[in-house]
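Undergrad: Structure below; questions to follow.
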Amino acid sequence: MAYTDFTVFDLRQQFGVHFRAEQLFAGLTPIEPSGWLRQSIRIGQQVGFNSEKSRSERLVTPVLLELCELNNRSFSIYSGMNLDIDPAQGLRGECDFICSFSRIQDFITAPIFCIAEAKKQDLEQGIIQCAAQLIAPRKLNELEGHSPHVLFGCSTTGVEWRFLKYEGNEFILDEGRYLVSDLPTLLGVLQRIVDLSREQVAAS
């Protein structure tokens, strides 16, 4: 078993987690994107995308790079790397994007605070896969003695983004859906995740 094989039932049965929905990002502050990001997204949409990989490269990567630059490159973005924490429990496989406050680029290290999964169409399946993926970094953070204990994830087609939070034994799915056509709001959500995660690390 790997991250892609889990169902909601598997996650509930194996890890004792629960799912619910609420609005996660009320009152956020929109962030004006750079001209570079607007142009990158426009070109990516015009060139088109016919696979999850092309969506990742042309739509998701520019947004995450912009976020990293907005935060003075204070976190690392691992792309297409395996996060094999507990293969016996199925916590293994590739993650599209992992964000960590570690400055080490060579391999994945804690503190991980967010995972993004790019999907060609099926956002709902992406959410389940991302939920499974979030269980692994919490274990890694705990093993290495790091916060954050509250983790965030998202499933995205590059055009549409859906977020979730992993806190305690609950996965909380955001009731909102965010579009790349509204970059200020999308960047506002992502910045809120960075800020909340940084506060956890600072308090630990």
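Undergrad: Counting only heavy atoms of the protein chains, get the accessible area per residue of region 103-204 (1.4 Å probe) and round it to a whole Å² value.
TA: I get 38 Å² per residue for region 103-204.
Undergrad: Give the share of C-alpha pairs in each 5 angstrom bin for region 48-149, from 0 to the last occupied bin, in whole percents, shortest bins first.
TA: 2, 13, 21, 25, 20, 13, 5, 1, 0
Undergrad: To the nearest 10 degrees, how steeply does helix 61-70 sit against the main Cα axis of the chain, on a 0 to 90 scale?
TA: 90 degrees
Undergrad: Rounded to the nearest whole Å², what accessible area per residue is found for region 15-59 with the 1.4 Å probe?
TA: Details: 2770 Å² over 45 residues.
Spelled out: the 1.4 Å probe surface of region 15-59, per residue, equals 61 Å².
Undergrad: Can you give the Kirkwood hydrodynamic radius of the chain from its Cα pairs, in Å with one decimal? Walk me through the intermediate numbers first.
TA: Values: mean 1/r = 0.0591 Å⁻¹.
Every distinct Cα pair counted, the radius reaches 16.9 Å.
Undergrad: Another question, then. Please name whichever of 131, 30, 108 sits farthest to the positive end of the charge dipole of the chain, dipole taken about the Cα centre and charges placed at Cβ: Lys and Arg +1, Asp and Glu -1.
TA: 30
Undergrad: Ignoring everything except DSSP H segments at least 4 long, calculate the 222 nm mean residue ellipticity for the chain; use -39,500 (n - 2.57) per segment, divide by total residues, nearest 500.
TA: Taking each H run of at least 4 residues, the total per residue is -12000 deg cm²/dmol.
Undergrad: Could I ask something else about it? Hey, any idea what % of region 151-198's accessible area is carbon plus sulfur with a 1.4 Å probe? Can you show the working numbers first?
TA: Details: 690 of 1430 Å².
Of the solvent-accessible surface of region 151-198, carbon and sulfur hold 48 percent.
Undergrad: Of the DSSP beta bridges with both residues in the chain, give the percent that are antiparallel, rounding to the nearest 5.
TA: On the way: 23 of 33 bridges.
Here the share of antiparallel DSSP bridges comes out near 70 percent.
Undergrad: Right, here's the next one. Between residue 2 and residue 201, with labels modelled 7 Å along Cα→Cβ, what's the label distance in nm to one decimal, could you check?
TA: Taking the simple label geometry, residue 2 and residue 201 are separated by 2.8 nm.
Undergrad: In degrees from 0 to 90, rounded to the nearest 10, what is the angle of the helix 35-47 Cα long axis to the longest principal axis of the chain?
TA: So the inclination is approximately 80 degrees.
Undergrad: In debye to the nearest 20, how big a dipole does the chain give about its Cα centre with +1 on each Lys and Arg Cβ and -1 on each Asp and Glu Cβ? Write out the running numbers ahead of the final one.
TA: Numbers: 19 positive and 26 negative charges, 68 e Å.
It works out to roughly 320 debye.
The values are calculated or read from the model by the stated rules, or taken from the named source; none is laboratory data. The structure displayed is predicted, hence computed values, not measured ones. Virtual Cβ from ideal backbone geometry, glycine too; neighbours counted across all protein chains shown. When the accessible area is computed, the model is the full protein with side chains, heavy atoms only, and any ligands, DNA or RNA have been set aside. Shrake-Rupley method; radii C 1.70, N 1.55, O 1.52, S 1.80 Å.
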